[in-house]
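The values are calculated or read from the model by the stated rules, or taken from the named source; none is laboratory data. All of these numbers come straight from a predicted model, not from anything done at the bench. Note that we place each Cβ from the backbone using ideal geometry, even for glycine, and neighbour counts take in every protein chain shown.
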Amino acid sequence: MILKSKLLGKYLNLLLIFLFPTQLAIHFWPNFAFVFGIRVDYLSPTIYLTDLLFISLFVPWIIRKRIKVISDIKKYKYLLLLLFGLIVFNLFFSSVFYVSFIKWLKIIEFVALGYYVKNREDVFSIRNVSTTLFYSLIFFSFIGVLQFFRGRTLGNILYLLGERSFTIFTPGIALVNLFGDNRLRIYSTFSHPNSFAGFLGASLIFLHFNYLKNINIYRFFGLLIILSAFVLTFSSSAFVGLFFCLVLYFVFKKHILSIKGFNLLIILFFLLSFYFSVFSGSILGSKITLPQNFSERLELADVAGKIFSGSWTTGVGLNNFIVSGIFYANTSFGVWLLQPVHNIYLLLITEIGILGTLLLYYFISLCFVKNIKTKNTWGILIIFFILTTGLFDHYWFTIQQNMLLLSLFLGISFREKI
């Protein structure tokens, strides 16, 4: 009986990983989730299937391991106090308290997931995670590939996995022009192709080092499906991020990469983001004709700069970019404005301010140092993949599936031995 219970617990934990790409959820719509009478998904309190599954696994475990948990709390008490202080400080200065409060609860959940993964090596071993993630990616990539050829979502039972219903004719759907013909950029069960591509890109780095070294015919065809899906997202940011990591990998193998190099890169990315925000208004005001998606990103970057100039120390509150940004838009209001700025550096510094960003940088540097000490190449490359794609999008900080994956990788990489 005990053996069967352990096996059930193991399979439920691995099922959680398999279901990471799903977005089946219940959305709630209180008044603060509406802007100008329009429902905004980013502001909606949401309970995902993956939330319920994780909580059902985490709560019994933390009760059983309460002595260890209390010991770890004492061990990391200063870091936890800093985090608690940041949360209280950020909530106090947030534009809409409940929006920030709910987002902080979500951040605490992801921290708990990382902690859980770190301490459950019996279940989340590299082998178990790699195998489960590989077959999950095959399944959800295949859904995406079929969407591309059909020009629409598949529907039916896939609704239970969170697949939304749309076709190439649905307004606002991401398309790509191939040889004069508009084709659907694949979504699978994600909210946008870029988010799906980021999920695939980070996973491919992990699998390359932990699962695909000894490749057979079955792994080859599985990898082919995953790579096909990655290409069919047509996500330029993910392509750039993966190319950057390939270049970095050869540099890393020559032992050139260092803490100094990491710090310089962080500074460079912040400067690029800052100047993008500063000059976005001038570019928008010029007579240059720009693609719509690029002009929208410029508008959001310009809004980020204006928000930052007014709240650079405290920020406007976690997840409050949208509700604050609508008061700074130069152009006539558009529904596309109801989304975060497509740059995690600008998003973080506007929402949690300089002080919060410095604390987050300290945590990221801890992750980087930990991966260098354990000689964990895949951990370092995933960090840089996230930092690079974060120049062009916000999904690592706003989308459930991507944040789950990030928590998983951070949890594994913080172990004493990889």
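Pick from segment 168-184 the residues that are among the polar types (S, T, N, Q) and surrounded by 12 or more Cβ atoms within 10 Å (Cβ to Cβ): which of them is farthest from the chain's Cα centre (by Cα)?
Filtering segment 168-184 down to residues among the polar types (S, T, N, Q) leaves 170, 177, 182.
In the following step, the residues that additionally are surrounded by 12 or more Cβ atoms within 10 Å (Cβ to Cβ) were identified as 170, 182.
Working: Thr170: 25, Asn182: 28 Å.
So, considering only residues that are among the polar types (S, T, N, Q) and surrounded by 12 or more Cβ atoms within 10 Å (Cβ to Cβ), the one farthest from the chain's Cα centre (by Cα) is Asn182.
What are the pairs, 6+ residues apart or on separate chains, where a residue within segment 302-317 that is over 19 Å from Phe279 (Cβ atoms) has its Cβ under 8 Å from a residue that is surrounded by fewer than 19 Cβ atoms within 10 Å (Cβ to Cβ) and of a type in the set (Phe, Trp, Tyr)?
Cβ pairs passing all conditions: Ser311/Phe93; Thr314/Phe89; Thr314/Phe93; Gly315/Phe93; Val316/Phe93; Gly317/Phe93; Gly317/Phe97.
Residues that are out of contact with any Phe, Trp or Tyr (no Cβ under 8 Å at 6 or more places or on another chain): which helices (runs of 4 or more DSSP H) entirely in segment 296-402 hold 3 or more of them?
Per the criteria, 321-325, 344-373, 395-398.
Identify all residues within segment 269-297 that are aromatic (Phe, Trp, Tyr) and either modelled with pLDDT under 75 or in contact with a Gly (Cβ under 6 Å, 6 or more places away or on another chain) (or both); write none if there are none. Walk me through how you get there before you give the answer.
Narrowing segment 269-297 to residues aromatic (Phe, Trp, Tyr): 269-270, 274-276, 279, 294.
Within segment 269-297, none qualify.
Which pairs do you get when a residue that is modelled with pLDDT of 95 or more, found in segment 392-418, comes within reach of a residue that is among the small types (Gly, Ala, Ser) and not in a helix (DSSP H, G or I), reach meaning Cβ atoms under 6 angstrom, with the pair 6+ apart or on two chains?
Within 6 Å, the pairs are Trp396/Gly390.
Say whether the condition of being assigned to a loop (DSSP other than H, G, I, E, B), free of Cβ contacts under 8 Å to residues at least 40 places away in the same chain and surrounded by 11 or more Cβ atoms within 10 Å (Cβ to Cβ) is met by at least one residue in segment 31-46.
Filtering segment 31-46 for residues assigned to a loop (DSSP other than H, G, I, E, B) gives 36-37, 40, 44-45.
Those still in the list that are free of Cβ contacts under 8 Å to residues at least 40 places away in the same chain too: 37, 44.
Next, from what is left, pick out any that are surrounded by 11 or more Cβ atoms within 10 Å (Cβ to Cβ): 44.
Yes, that holds for at least one residue.
Of everything in segment 72-130, what is hydroxyl-bearing (Ser, Thr, Tyr), within 19 Å of the chain's Cα centre (by Cα) and within 30 Å of Pro30 (Cα to Cα)? Give them in sequence order.
Within segment 72-130, Ser100 is the sole residue that qualifies.
Could you go through segment 278-293 and let me know if any residue there is touching a residue at least 60 places away in the same chain (Cβ under 8 Å) and either crowded, with 16+ Cβ neighbours inside 10 Å or more than 30 Å from Ser141 (Cβ to Cβ) (or both). If you could, list the steps in order and put the result at the bottom.
Applying the first criterion (touching a residue at least 60 places away in the same chain (Cβ under 8 Å)) to segment 278-293 yields none.
There is no residue in segment 278-293 that is touching a residue at least 60 places away in the same chain (Cβ under 8 Å) and either crowded, with 16+ Cβ neighbours inside 10 Å or more than 30 Å from Ser141 (Cβ to Cβ) (or both).
Condition first: part of a helix (DSSP H, G or I) and closer than 30 Å to Tyr42 by Cα. Can you find one or more residues in segment 66-76 that meet it?
If we filter segment 66-76 for residues that are part of a helix (DSSP H, G or I), which is where we start, we get 66-75.
From what is left, the residues that are closer than 30 Å to Tyr42 by Cα are none.
No, segment 66-76 contains no residue that is part of a helix (DSSP H, G or I) and closer than 30 Å to Tyr42 by Cα.
Among Ile87, Ile143, Ile138, Ile108, which is surrounded by 15 or more Cβ atoms within 10 Å (Cβ to Cβ), without any contact (Cβ under 8 Å) to a residue 24 or more places away in the chain and either assigned to a helix (DSSP H, G or I) or in contact with a Phe, Trp or Tyr (Cβ under 8 Å, 6 or more places away or on another chain) (or both)? Break it down into steps so the answer makes sense when it comes.
Values: Ile143 fails: without any contact (Cβ under 8 Å) to a residue 24 or more places away in the chain; Ile138 fails: without any contact (Cβ under 8 Å) to a residue 24 or more places away in the chain; Ile108 fails: surrounded by 15 or more Cβ atoms within 10 Å (Cβ to Cβ).
Answer to the check: Ile87.
For segment 298-343, name all the residues that are within 24 Å of Leu91 (Cβ to Cβ), hydrophobic (A, V, I, L, M, F, W, C) and modelled with pLDDT under 85.
Trp312, Ile326, Phe327, Leu338 - these are the residues of segment 298-343 that are within 24 Å of Leu91 (Cβ to Cβ), hydrophobic (A, V, I, L, M, F, W, C) and modelled with pLDDT under 85.
Condition check: hydrophobic (A, V, I, L, M, F, W, C) and more than 27 Å from Phe234 (Cβ to Cβ). Does Leu184 satisfy that? Write out each step before concluding.
Values: hydrophobic (A, V, I, L, M, F, W, C): yes; more than 27 Å from Phe234 (Cβ to Cβ): no.
The answer is no for Leu184.
Outside any helix (DSSP H, G or I) and closer than 28 Å to Leu348 by Cβ: does that describe Phe20?
Working: outside any helix (DSSP H, G or I): yes; closer than 28 Å to Leu348 by Cβ: yes.
It is true that Phe20 is outside any helix (DSSP H, G or I) and closer than 28 Å to Leu348 by Cβ.
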